[in-house]
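Here the structure is laid out as structure tokens; the discussion comes afterwards.
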Amino acid sequence: MFHITRIKFIYNHRRMKLQLLCLLVVVASVWAAPEDINHGTPVKHGKQDHEKDGHHNIHFDHEAILGSYKLEQEFDELEPEEAKRRLGLLFQKMDKDHDMFVNKDELVDWIMMSFKLLDEEEAVEDLEENDQDGDGQLTWVEYLKGHFAYTPEDIKEMRKNGRDDIQTFLLTVDEEERKFKAADMNKDGILTREEFVAFYHPYNYEHMHIIELQRVMREHDKNKDGFLSLEEYLGSNSQDKDWEIVEKERFAEFDRNKDELLNFDEIKPWVLTDNRDEAVEEAEHLFQTADLNGDNRLTEREMVDAHEEFVGSQATDYGHHLHFVKHVDEL
């Protein structure tokens, strides 16, 4: 699958923190305007992460198996034999049909789960950074202060200012508030850990899909006719001829009724793309390394022999991680 960018459809939260000392400071240069968001899947587990500066990034392989950025970093401390032992335990979990082999479908499913766990870990980290009272939950006031450096009173005052850059910034805040309310399933004004993960990565959760579709349509439908033309789809960030060719081809694929416009249903495969293509590509890469007899299935020995490709030789607090991700039993 062609990946344009690692940027998710949600805005990059950490870069959106505004350190303004007064309400009239220009904010347009600090946040990602809708037309600056590149097309492509909102998830970030793609080829651009697997290759860094033209070289194979083995850390991507480890993350795809372990489902944790923190655990991957900790692997540097683990002796090779211990890494092999624990990879063997993971093999048993990957082997869902218990036939003593891991086939490609089983490995793809495992990697898909790992990608989601990586997203959850990122969201939980963000929650903990902005949970001002330490109760494990997040109110809109906490989120507003943590990510935008403003209070509701500040936002209220901003609405009285007619400057274009401030009004554009307020559109961003309004989009985030709509998403926050959609994620708040019990409508108590507070996001639990589970609700915040859905807020942070809405494309992973079906009940959040409608809010993402509405957001993208509002951002790109410049003439407000309820459809996206090719020009609106491409936006003002055209990069080069090759990029434009690929995007035009994708637009034509999305345009099922061939009216040269994308309606609300037709933008779904663009907005709500999942990670399966990336998981398949990663599984094939790992099979090329470990499946030495070419039978399209891995034995535990084959996987363990290629442990440096799968997990490296680096992990310490592994039992805590397995409890956290809930997909491996006690070791």
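What follows draws every value from the coordinates through simple rules; no lab data is involved. Computed from a predicted model, the values in this text were never measured in an experiment. As a convention, Cβ positions derive from the backbone with ideal geometry for all residues, glycine included, and neighbour counts pool all protein chains shown.
Taking 14 Å as the cut-off, the amide N atoms of region 258-294 that come nearer than this to a point 7 Å along the Cα-to-beta-carbon line of H56 belong to 282-292. Taking a virtual spin label 7 Å from the Cα of L230 along the C-beta vector, which residues in region 247-273 bring their backbone nitrogen under 16 Å of it? In region 247-273, the label zone of L230 (backbone N under 16 Å from the point 7 Å along Cα→Cβ) covers 247-263. Computed from the C-beta positions of R85 and M113 and an R0 of 30 Å, the FRET efficiency is 0.90 to the nearest 0.05.
Counting 0.36 nm for each residue step from E284 to D174 and taking away their Cα separation leaves a gain of 35.4 nm.
By the count of neighbouring beta-carbon atoms within 10 Å, fewest first, K96, K224, K104 end up ordered K224, K96, K104. Note on I210, I111: ascending count of other Cβ atoms within 10 Å places them as I210, I111, the fewest first. Estimated from the Cβ-Cβ distance and a Förster radius of 56 angstrom, the FRET efficiency linking R256 and E77 is about 0.60. Lysine pair count for region 99-195 (Cα-Cα distance under 30 Å; residues 8 or more apart in sequence or on different chains): 17. Measuring r between the beta carbons of K70 and D133 and using R0 = 25 Å, the FRET efficiency lands at 0.55.
Cβ-to-Cβ counts within 10 Å put E282, E177 in ascending order as E177, E282, the fewest first.
Using a 7 Å offset from Cα along Cα-Cβ at K96, what residues in region 267-297 end up with backbone N under 19 Å from the label point? Answer for region 267-297: 274-287, 296-297. Across the options A83, I111, L144, the greatest Cα extent toward the positive end of the charge dipole of region 61-150 (unit charges at beta carbon of Lys, Arg, Asp, Glu) belongs to I111.
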